[in-house]
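For reference, the structure I am asking about is given below.
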2 protein chains.
Amino acid sequence: MPARVDDVALLDVDPRPTRNRRAAKKSKTRADLIAAAAELFGDIGYDEVTTTRIADAADVSQRTFFRYFPTKEAVLYGDMDETLDELRIALERRPETERPLEAVRAAIVDLRSNFERHRDLRLLQARLAATYPAVSAYSRATVQMGWEREIIAALADRLMVDPMEDPRPEIIAGAAMSAIRVATRQWSLQRGTPDYVDLIDAALAAVPSLGDDTTT
Amino acid sequence: MPARVDDVALLDVDPRPTRNRRAAKKSKTRADLIAAAAELFGDIGYDEVTTTRIADAADVSQRTFFRYFPTKEAVLYGDMDETLDELRIALERRPETERPLEAVRAAIVDLRSNFERHRDLRLLQARLAATYPAVSAYSRATVQMGWEREIIAALADRLMVDPMEDPRPEIIAGAAMSAIRVATRQWSLQRGTPDYVDLIDAALAAVPSLGDDTTT
DNA sequence: TGACTTTTGGCAGCGACTGACAGAATATGG
DNA sequence: CCATATTCTGTCAGTCGCTGCCAAAAGTCA
């Protein structure tokens, strides 16, 4: 009696208000929206999918969609906040003795588990960014800028300088982001066959002595 | 009789179809839109001005506005195509013997006349980009990406490499763009008092040996 | 259970942007 | 100078992303 399974599941739901059903429901809705969006974007394309359609697929109203994500682009990069948190932590963990660029490189290698966790989503993001100008623009202006901000903050701390005055943190971060962009493009074009982290690692290795304190 | 002046001006208009009245009218409309937009943006703000309002101020319909500019942001950066052309030419003029980053630096110094020509517009762009996320995003995703593309193409030519394979052109370009961004921010915050080109020059000087062929 | 807070849906609306079409302006050949 | 072909413009109607508002539903806590 397979129907039983559902019954049990239904009965399993505590009819009494559980302490944080709200939080659970919210994160479920959020995950549903991200999943629905990813599937629709993958199947149909980015411009071709409306926010209403995504909301319908996740069984919420369009109004609710915009309570969870500020823009249509944001739902495609639903992993961003989490990833930036991990990047920040990875950067903080690097020993002070490391040279700036080496610290960035090592921190990104530490994100390997994140990359694997979101592998399919990353491939989709890269593919859509290569196809749709709106996605490309969002990636540059919001996602990559987010990464850059974290890197700049970490490097400014390390070098003990004000990043508004000393251009070096932003320059190193810009070079690193360029390397990451190249690696991501190569990875996407090869549909994820080479290891992503290895590609980034190799691209970052092409950044020369940049960031040595000896240049001060 | 000051009225005469107008009469003469009116009579001066050749009633016969001049060979390129169209082209003249088009460039006038374009210039009018840019000027009207700049004034409104400067007085009221970016989000606060609608495209219809800009079109009205330039005495055209909103539909016509969008025949001249693909987006509202584009009219604020109406000098972009012209500037990118000048940047490309300046890069091509650099002798092959120059090291990559030095060529970029020198090419940008050569744009001094462009910067002076569009000084007020540049200050406005920088100010609005610091205030309105939409402008900031457009600046990053479209304007700065345009500069970067030119620099990458020039460096790839110089180094005789495929920029899709070798990450160095994009890395050097990314570092240079970061330096330019820092300089632009400083220039904008100081309301244009220090010379813009000098600031960029100084920021670019902070980019270390990056781009030496010796790193190959 | 009942009062309180948070989340949701529906609606109405704004503004950026687009396709279609008809009329005005302009270029071109005779 | 005129007729004709070409290009540009305004108008209109429509789509879509996104927002404020309010009332209903769901969840929390005593």
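Relative contact order of segment B:22-75: what whole-number percent is it, with Cα pairs under 8 angstrom and at least 6 residues apart?
Values: 29 pairs, mean separation 19.2, N = 54.
About 36 percent, as a whole number.
Going by the alpha-carbon gyration tensor, a ≥ b ≥ c the square roots of its eigenvalues, is segment B:114-166 rounded (a/c under 1.5) or, if a/c is not under 1.5, prolate (a/b greater than b/c) versus oblate? Write down the numbers at each step before the final one.
Working: a/c = 5.77, a/b = 1.94, b/c = 2.97.
Oblate, because a/c is 1.5 or more while a/b does not exceed b/c.
Considering the dipole of segment A:130-215 built from charges on the beta carbon (Lys and Arg +1, Asp and Glu -1) around the Cα centre, which of A:146, A:194, A:207 is farthest to its positive end?
Sorting the options by dipole projection puts first A:194.
Return the Rg/Rh value of segment B:22-86, two decimal places, where both radii are evaluated on C-alpha atoms and Rh is the Kirkwood radius.
A ratio of 0.96.
Determine the dipole magnitude for segment A:39-105: charges of +1 sit on the beta-carbon of Lys and Arg, -1 on that of Asp and Glu, nothing else is charged, the reference point is the Cα centre, and the result goes in debye to the nearest 20. Spell out each step's value before the answer.
Numbers: 9 positive and 16 negative charges, 48 e Å.
Computed charge dipole of segment A:39-105: roughly 220 debye.
Would you mind checking the radius of gyration and Dmax of segment A:77-208 based on alpha-carbon positions, in Å?
14.3, 42
Can you tell me the relative contact order of segment A:13-126? Whole percent, Cα pairs under 8 Å, sequence separation 6 or more.
Dividing the mean separation by the residue count of segment A:13-126 yields 21 percent.
Note down the magnitude of the dipole of the protein assembly as shown about its Cα centre, charges +1 on Lys and Arg C-beta and -1 on Asp and Glu C-beta and zero elsewhere, to the nearest 20 debye. Before the final figure, lay out each step's value.
On the way: 60 positive and 72 negative charges, 286 e Å.
The calculated dipole for the protein assembly as shown is roughly 1380 debye.
Label points 7 Å out from Cα along the Cβ direction at residue A:149 and residue B:198: separation in nm?
Those two pseudo-labels are separated by 3.3 nm.
Kirkwood Rh and Cα-based Rg: tell me the resulting Rg over Rh for the protein assembly as shown, rounded to two decimals.
We get a ratio of 1.05 for the protein assembly as shown.
Can you give the average number of partner chain beta-carbon atoms within 10 Å of each beta-carbon in peptide A:160-172, as a whole number?
Average neighbour count from other chains, rounded to a whole number: 5.
With everything on Cα atoms, drop me the angle between helix B:2-12 and the longest principal axis of chain B, reported from 0 to 90° to the nearest 10.
That works out to roughly 70 degrees.
Over chain A, calculate the relative contact order: mean separation of alpha carbon pairs under 8 Å at least 6 apart, over the residue count, as a percent.
Relative contact order comes out at 18 percent.
Now for a separate question. How large, in percent, is the carbon and sulfur part of the accessible surface of the protein assembly as shown at a probe radius of 1.4 Å? Write down the numbers at each step before the final one.
Numbers: 12410 of 23610 Å².
Reported share for carbon and sulfur atoms: 53 percent.
Something else: Compute, for segment A:20-71, the length of the dipole vector about the Cα centre, with Cβ point charges of +1 (Lys, Arg) and -1 (Asp, Glu) only. Units Debye, rounded to 20.
620
Still on this structure: Any idea what angle helix B:119-131 forms with the longest principal axis of chain B, computed on alpha-carbon atoms, 0 to 90 degrees, nearest 10?
The answer is roughly 70 degrees.
So, in nm, how far is label residue A:62 from label residue A:97 when the simple model puts each one 7 Å beyond its Cα toward the Cβ?
Each label point is offset 7 Å from its Cα along the Cβ direction, giving 5.9 nm.
Going by alpha carbons, how many degrees (0 to 90, nearest 10) lie between the helix axis of B:100-109 and the longest principal axis of chain B?
Approximately 30 degrees, to the nearest ten.
Using 0.36 nm times the number of residues separating residue A:190 and residue A:84, minus their current alpha carbon distance, what extension gain do you get?
My answer for the length gained is 35.6 nm.
Something else about it: Send over the per residue convex hull volume for segment A:83-154, Cα only, as a whole number of Å³.
82
Sort B:69-80, A:174-185, A:21-32 by packing, meaning the average of other beta carbons within 10 Å per residue, with the highest value first.
My ranking of the peptides, most packed first, is A:174-185, B:69-80, A:21-32.
If you don't mind, another one. Based on DSSP H runs of at least 4 residues, each adding -39500 (n - 2.57), what is the mean residue ellipticity at 222 nm of chain A after dividing by all its residues, to the nearest 500 deg cm²/dmol?
So the helix-based figure for chain A works out to -21500 deg cm²/dmol.
The values are calculated or read from the model by the stated rules, or taken from the named source; none is laboratory data. Keep in mind that what you see is a predicted model, and the values were worked out from it rather than measured. With ideal geometry, Cβ positions are generated from the backbone for all residues, glycine too; neighbour counts draw on all protein chains shown. Heavy atoms of the whole protein, side chains included, go into the accessibility calculation; ligands, DNA and RNA do not. Shrake-Rupley method; radii C 1.70, N 1.55, O 1.52, S 1.80 Å.
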